[in-house]
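> This is the structure I have questions about; it appears just below.
The values are calculated or read from the model by the stated rules, or taken from the named source; none is laboratory data. What you are looking at is a predicted structure, and each value in this text was computed from that prediction instead of being measured. Note: ideal-geometry Cβ built from the backbone for every residue, glycine included; neighbour counts use all protein chains shown. Please note that ligands, DNA and RNA were not included when accessible areas were found on the heavy atoms of the full protein model with its side chains. Shrake-Rupley method; radii C 1.70, N 1.55, O 1.52, S 1.80 Å.
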Amino acid sequence: MVKLVLMTDFTERYANHLLKGILTYSHQTEPWVICRMPPSFRKANGIQDVVNWAKEWHADAIIAQFEPQDDVSLFKKNGIIAIAQDYKQRFSGIPNITSDYFSAGRKAAEFFFIKGFADFAFYGYEDVVWSDERWQGFREGLIENGIDECHIHEFRKQSLNDLWYYESQPLRDWLAALPKPVAVFACDDTRANKIIELCNTMSLRVPIDVAVLGVDNDDIACQLSYPELSSMDLDVEKAGYETAELIMQMKQHPRQKSHDIMVHDTGIIERTSTDIFATRNPNVLKALWYIHMNSLHPMSVSDVVAQVPISRRLLEQEFREETSMSIYDYISKLRMDKFAQLLLTVDEPIDALAMRIGLNDSKNLSRQFKAYQGMTPLEYKKRHKC
């Protein structure tokens, strides 16, 4: 039996999914006893008291949000396996539960770039590894796509110590000064919530003026926002399972070299906060808004044309100039993108998922999907679903 101390913030999705993965492993092997210790215990008493408590409890291991100044070697000296959940910085002497944050930033850059934005911004914390590296990846990804640095903006002026608190006026001033439309990538869902909250008080339209993307795909946090927040999903549960495996290996083979556990992203879950293509052409913008608002319902090109005061031929011309696609192809691609997202996030038969996007011809859907993704819906689901 393994006795584990899990010292993390259980108000967040990340911690709960980490625990789910650990429990899945323990149910397949042997029962584990897990103590959920709040980080406030360390803040109030210091790392030595955490070690003393864990030793008195006869803990085998601890997973924790350690502070950079914490002497984590104390755990090994007392026969306790210590693993750091990325909080502020990575540790060199113990394994970390971490991620390729540079890659996440690059994916966010690509996601916004192909939507046609010309101006971009990042909102994050200062001196926090996962925020810093997501910013660096975002910036580098945009520059590689030919975006000049004068069109890339950042705001990183808050400490991680006060997760819930922020000074609204500096952020409000920054948002007001950004060129519009602008695509904002926030380091996590908490920061993204704040952007949308301020946009609503400033009469900035989301996503027309400000498109917002977060990270973690915390269902509650994403639904707290209006419009609902798009977010990068992380496979934390799998990382929890692999962390439990690592603890067992380290317990059985103490001298064996350990390794970091990587949390992989499973893609961007798009909701209303980014569901738009950026353009300053009012006719195309109106057409795009109608397409995105009705993407889950039957819709024809004629329905779109009816929304603007110009001819079909002229709208088709302007639409292609802005998006590099015909109206019909844009509608088809948007639906296939939404269908691909449903395949990975909703556990329903393919026919039922097709009905969700207004398509009831499963044979035609499979053909269309293969044309966009190079594989059938079933093949896509098997390849990408963890």
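> Once ligands and nucleic acids are excluded and a 1.4 Å probe is used, how much of Glu237 is accessible, expressed in Å² to the nearest 10?
Number for this one is 70 Å².
> Continuing with the same structure: How big is the equivalent ellipsoid of the chain along its three axes, where each semi-axis is √(5λ) from the Cα gyration tensor, reported in whole Å from largest to smallest?
43, 25, 16
> Okay, next question. Within 15 Å, Cβ to Cβ, of Arg313, how many net charges do the neighbouring residues add up to if Lys/Arg are +1 and Asp/Glu are -1?
Numbers: positive: Arg312, Arg320; negative: Glu316, Glu318, Glu321.
Net charge in that neighbourhood comes out at -1.
> So how much accessible area does His264 have, in Å² to the nearest 10, using a 1.4 Å probe?
So the heavy atoms of His264 present about 110 Å² to solvent.
> Please work out how many pairs of lysine residues in the range 133-280 are eight or more positions apart (or on different chains) and have Cα atoms closer than 26 angstrom.
Lysine pairs meeting the criterion: 5.
> What is the sum of charges, Lys and Arg at +1 and Asp and Glu at -1, for the other residues whose Cβ falls under 15 Å from the Cβ of Ser326?
Summing Lys/Arg as +1 and Asp/Glu as -1 gives -1.
> How much accessible surface does Lys157 have with a 1.4 Å probe, in Å² rounded to 10?
Approximately 150 Å² of Lys157 is accessible to the 1.4 Å probe.
> Give me Rg/Rg_expected for the range 228-386, where Rg uses Cα atoms only and Rg_expected = 2.2 N^0.38 Å with N residues.
Cα Rg divided by the expected 2.2 N^0.38 Å: 1.39.
> Excluding Arg90 itself, what net charge comes from residues whose Cβ is under 12 Å from its Cβ, given Lys and Arg +1 and Asp and Glu -1?
Summing Lys and Arg as +1 and Asp and Glu as -1 gives -3.
> Tell me the label-point distance for the pair Lys381, Tyr226, using the 7 Å Cα-to-Cβ offset, in nm and rounded to one decimal.
Output for this residue pair reads 3.4 nm.
> Pairs of lysines 8 or more apart, or on different chains, with alpha carbons under 26 Å: count those in the range 54-129, would you?
7
> Given H placed 1.01 Å from N in the peptide plane, which residues other than close sequence neighbours of Phe122 have an amide H under 5 Å from its amide H?
HN-HN under 5 Å from Phe122: His153, Glu154, Phe155, Phe185.
> Calculate for the chain the 222 nm mean residue ellipticity that helices alone would give, adding -39,500 (n - 2.57) per DSSP H run of length 4 or more and normalising by residue count, nearest 500 deg cm²/dmol.
Value at 222 nm, helices only: -15000 deg cm²/dmol.
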